[in-house]
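Novice: To start, I am sharing the structure in question, which I have written as C-alpha cells.
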Amino acid sequence: MEITDVIGNLGRLQCYIIILLIYRGLPTAWQILALPFLAPDTDHWCAKPHQLENWTVTQWKNISIPFDTNKQEFSQCLSYSYTLVQLPDSWDVIIDQNVTVPCTKWDYSSTDNTIITQWNLFCNHEWLVSMNQTVFMLGMLFGVFISGHLSDRFGRRPVLLGSLCLSIVSSYAGAAVPNLSFFYITRFCSAMGVSSIQNSGVSLLMEIISPGYRLWVAVSFSFGWTLGLIILPGLAWIIKDWQYFQAVTTCSWLPMLVAWWFLPESPRWLLTRKRYTDAENTIRKFLSFNKLSVSNLDHTMKILEAKIELEKKRKSSLTFLDLLKTPQLRRRTIEVAFIFFATSFLYYGLTFGSATLGGSMYINLLLSGAVELPVCVVLPLAIKYVKRKPTIIVSFVVTFVSCVLVIAVPEDMVATKISLSMIGKMFISTAGSINFIYGGEVFPTVIRTVGVGTLFSVRE
C-alpha cells in the first residue's frame, strides 16, 4: 500500500500544490534571468571635465575620443591626452592625438539607473557584470545541496517557508545595498532561496502524488517558467530603474508566502520521522479536501508505518557512490550528468546571449521565451510516442548547427542571427526536458531518488 492509495492519486489538495509550484516558475524565471535588465549593454565614453560642461557630447567626442574606423564607433575606454587651459571668461582644451589614456569617469547614452552605471562596471571592470550571474548560479548550486539535507531533517514545509523568506529579504536588501560586494552577497542568498524553494517544493509534490502522474506534473512545471520568461521583458521595459525592477519582481514571491499557510506537510516525511500523530492528522486533511474516506484509518496507518520503516532500512545506506558501483550504472550516470550539464550550459548561454544579438533586447528575450511554448505543447506527445535517445541526439545536433551558424552569419544580418538562436533555444529546451524524464527512467527503483536528486544539482 502506498500513501497515495489512501489520500488519492491526484486530488484537490494535490492540484492546489501543483498550481502553487507551477506559479513558482514566474518569480524563479524573473530572479534567474534578470541580469540582462539589471545590467543592459550601455554605450559609454570618457566623460568630459566639468569645466567644459557647456560643450555638447558631439563636440567632446569628435575632439577627444578616438574613433575606430573598423567598428565605426568611438572608443568606450580611451580618450586622447588633453590639457585644460583657463581663459579669462572660459576654459579651453589642448588635445594630443598621439597619446591615449584610459577613462577615469564615464558618460552614458542612457539615463536609466542600472548596476553598470551605478558602480561604473565598464572596461576593466566589465567582468564584474558576468560575475553577478556566476555568483547567482553558485548560490543555486549551494542551495540545492543544503536544502536537501535541511528538508530531510526539518521537513518540506518549514524549509519552503525559510527559503521564501530568505529569497524575499535578500532580494529587497539587494535593491538597497550601498556597494557591489554586498549586492553579490544578497544575490547569492537570494539564489539559495530560489533553488531551495524548488527543491523542497518538488520533494513535497513527488511524495503526495502517485508515480503515474509524476512525469506529467514535472513537464507542467515548464509552463510557469515559460510564462515568467515571456512576461519579464515587458516588465523590464516598463520599469527601467534596476532597483525598482528588482523590488517589483520580488513581490511575485508574496502570494506563495500567503499560500504557504494552507500547505500541508508531507505525510511520508512525517512517517519517516516517526511523527505518527502529525502524519495521521495530515492524512485526514487530505481525505477531507479530496472528499475521500477510509473505513479503518488506524489499521491503514499501521500498514503505512511498517512500509516506511522497511523502505528506510533498505535505502538508508544509499549514497552517490552507489551510482558508480557497476559499469552499467557508471555509464548511465556519466551520460545523464553530461547531458544535464550541456543542456543547462547551452540553455542559459542562448537565453542571455539573445540580448546581445542586435535589435531590441526586449523583443529578443520575449522571443526567447515564446519559442518554449511549442515545447510545452509538443513535449507530452513526445514523451508518449517518441524514443528518448534519438530525440536528445537530434535536439543537440540542431542546436549545435544553429549556434555555429549564428557565429558565421555576418553581424548586419540581425534577423537571421536571431532566428537561428531561437531555433537552437527551442531544441536545447526540448533536450533538457526529455533528459530530465530519461534520467528518472534509467536508474533502478531503489536508487532512483539518489540518482535524480544528485543529477538535478548538476542541472542547476
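Computed from the coordinates by the stated procedures, all read-outs in this text should not be read as laboratory data. Just so it is clear, the structure is predicted and the values come from calculations on it, not from any experiment. Neighbour counts are summed over all protein chains in view; Cβ atoms, including those assigned to glycine, are modelled from backbone coordinates with ideal geometry.
Novice: Among 276-285, 151-160, 54-63, how do they line up from the highest to the lowest mean number of other beta-carbon atoms within 10 Å?
Specialist: Final packing ranking: 151-160, 276-285, 54-63.
Novice: How much FRET efficiency would the formula 1/(1 + (r/R0)^6) give for Ile407 and Asn113, where r is the Cβ-Cβ distance and R0 is 41 Å, rounded to 0.05? Let's see the in-between values first.
Specialist: Numbers: r = 33 Å, r/R0 = 0.81.
Using R0 = 41 Å, I get an efficiency of 0.80.
Novice: Among the aspartates and glutamates, which have Cα under 18 Å from the Cα of Lys105 when same-chain residues fewer than 8 positions away are ignored?
Specialist: Reachable aspartates and glutamates: Asp41, Asp43, Glu53, Glu126.
Novice: If you don't mind, there's one more thing I want to ask. How large is the direction-averaged shadow of the alpha-carbon convex hull of the stretch 103-227, in nm²?
Specialist: Dividing the Cα hull surface by four gives the mean projection, 9.8 nm².
Novice: Could I ask something else about it? What length, rounded to one decimal in nm, is gained on full extension from Trp55 through to Tyr276, with 0.36 nm per residue of separation minus their alpha-carbon distance?
Specialist: Additional length available on full extension: 71.7 nm.
Novice: Just tell me which aspartates and glutamates come within less than 20 Å, Cα to Cα, of Lys325; anything on the same chain fewer than 8 places away is out.
Specialist: Hits, sequence-local ones excluded: Glu335, Glu441.
Novice: Could I ask something else about it? Tell me the label only: which of (i) 1.04; (ii) 1.19; (iii) 1.30 is Cα Rg over 2.2 N^0.38 Å as calculated from this structure?
Specialist: Recomputing Cα Rg over 2.2 N^0.38 Å here gives the entry labelled (ii).
Novice: Using only Cα atoms and rounding to the nearest 10 degrees, what angle (0 to 90) does helix 372-385 make with the longest principal axis of the chain?
Specialist: In the chain, helix 372-385 runs at an angle near 30 degrees to the longest axis.
Novice: I would also like to ask the following. Calculate how steeply helix 127-154 sits against the longest principal axis of the alpha-carbon atoms of the chain, using the helix alpha-carbon long axis, and give the answer as 0 to 90 degrees to the nearest 10.
Specialist: The two axes meet at around 20 degrees.
Novice: Right, next: Add -39500 (n - 2.57) for each DSSP H run of 4 or more in the chain, then divide by its residues: what number comes out at 222 nm, to the nearest 500 deg cm²/dmol? Please report the intermediate quantities before stating the final value.
Specialist: Values: 21 runs with 311 residues, N = 460.
About -22000 deg cm²/dmol.
Novice: Here is a follow-up. Quick one: which of Lys285/Lys384; Lys71/Lys425; Lys387/Lys425; Lys274/Lys307 span more than 23 angstrom between C-alpha atoms?
Specialist: Where the Cα-Cα span goes over 23 Å, the pairs concerned are Lys285/Lys384; Lys71/Lys425.
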